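S.K.: Structure incoming, see below.
The values are calculated or read from the model by the stated rules, or taken from the named source; none is laboratory data. No experiment lies behind these values; they were computed from the predicted model shown. Reconstructed Cβ throughout: ideal geometry from the backbone, glycine too, with neighbour counts over all protein chains shown.
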Amino acid sequence: MKSRLSNTLKERAQGLCELCTTNEAASAYAVSPKNSDVIENEVALCDQCISILEGADAGSHWQCLAGSIWNTEPSVQALSYRILYGFKDQEWANEIITSVELDETVVTWAESAYQVSAKHLDSNGTELENGDSIVLTQQLNVKGASFMAPKGTIVRKIRLVPDNAEQIEGKINGDTIVILTKFVKKSI
């Protein structure tokens, strides 16, 4: 996201674009998913780098990232890595990426643009959300409990398991259990 270049950011960049380091910095660019509320999330960019980020043909322009990836600012490192990651199948970009060891938080920040969060889908492919009600599509043996949950059981106010798109949590007979999404359908 592009915004006005603050004097503090302009000073940090010494008036130059923090990616190509040849053109005058024109705008502040917040490296997503962070926003421009603090200078540590921003990179000073020239008009040429911004136009290429917005879809103009890069040609060999991004070769300049061989220098910016070594910048001490995490935001500059993250943006440089993110752009290079988009070209990782090309030898020149892969060489630059492998030439530097970045902090894991910077790499995670950079790669966040390429990550799609997994969706929790029921047995029919319908997306599930926190708070939905579901119906069991088959009888389930509840591990650690002394009962079976029969087919057709309605479970209200489910919670999605954040790190596993194949699991949800819900209460059956007062016990919170983990249920596989392939054994449920969303209730309307």
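S.K.: Residues to consider are Asn35, Asn94; find the one that is part of a helix (DSSP H, G or I) and surrounded by fewer than 17 Cβ atoms within 10 Å (Cβ to Cβ).
M.R.: Sole residue among the options that is part of a helix (DSSP H, G or I) and surrounded by fewer than 17 Cβ atoms within 10 Å (Cβ to Cβ): Asn94.
S.K.: Among Thr8, Thr22, which is assigned to a helix (DSSP H, G or I), without any contact (Cβ under 8 Å) to a residue 60 or more places away in the chain and among the hydroxyl-bearing types (Ser, Thr, Tyr)?
M.R.: Answer to the selection: Thr8.
S.K.: When the residues of the range 1-25 are filtered to those that are hydrophobic (A, V, I, L, M, F, W, C) and crowded, with 18+ Cβ neighbours inside 10 Å, which remaining residue is modelled with the lowest pLDDT?
M.R.: Step by step, filter the range 1-25, then rank; the result is Leu5.
S.K.: Right, here's the next one. Looking at Glu129, Glu169 in this structure, which one is of a type in the set (Asp, Glu) and part of a loop (DSSP other than H, G, I, E, B)?
M.R.: Checking each option against the conditions leaves just Glu129.
S.K.: Across the range 40-60, what is the number of residues that are more than 25 Å from the chain's Cα centre (by Cα) and surrounded by fewer than 16 Cβ atoms within 10 Å (Cβ to Cβ)?
M.R.: Looking only at that region, the number is 3.
S.K.: Do you know which residues across the range 98-147 are without any contact (Cβ under 8 Å) to a residue 24 or more places away in the chain and surrounded by 12 or more Cβ atoms within 10 Å (Cβ to Cβ)?
M.R.: Those that are without any contact (Cβ under 8 Å) to a residue 24 or more places away in the chain and surrounded by 12 or more Cβ atoms within 10 Å (Cβ to Cβ): Thr108, Gln139.
Matching residues to (1) in contact with a Lys or Arg (Cβ under 9 Å, 6 or more places away or on another chain); (2) part of a helix (DSSP H, G or I); (3) free of Cβ contacts under 8 Å to residues at least 12 places away in the same chain:
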residue: Gln14; (1), (2), (3): no, no, yes
residue: Glu18; (1), (2), (3): yes, no, no
residue: Gln48; (1), (2), (3): no, yes, no
residue: Ala58; (1), (2), (3): no, no, yes
residue: Ala66; (1), (2), (3): no, yes, no
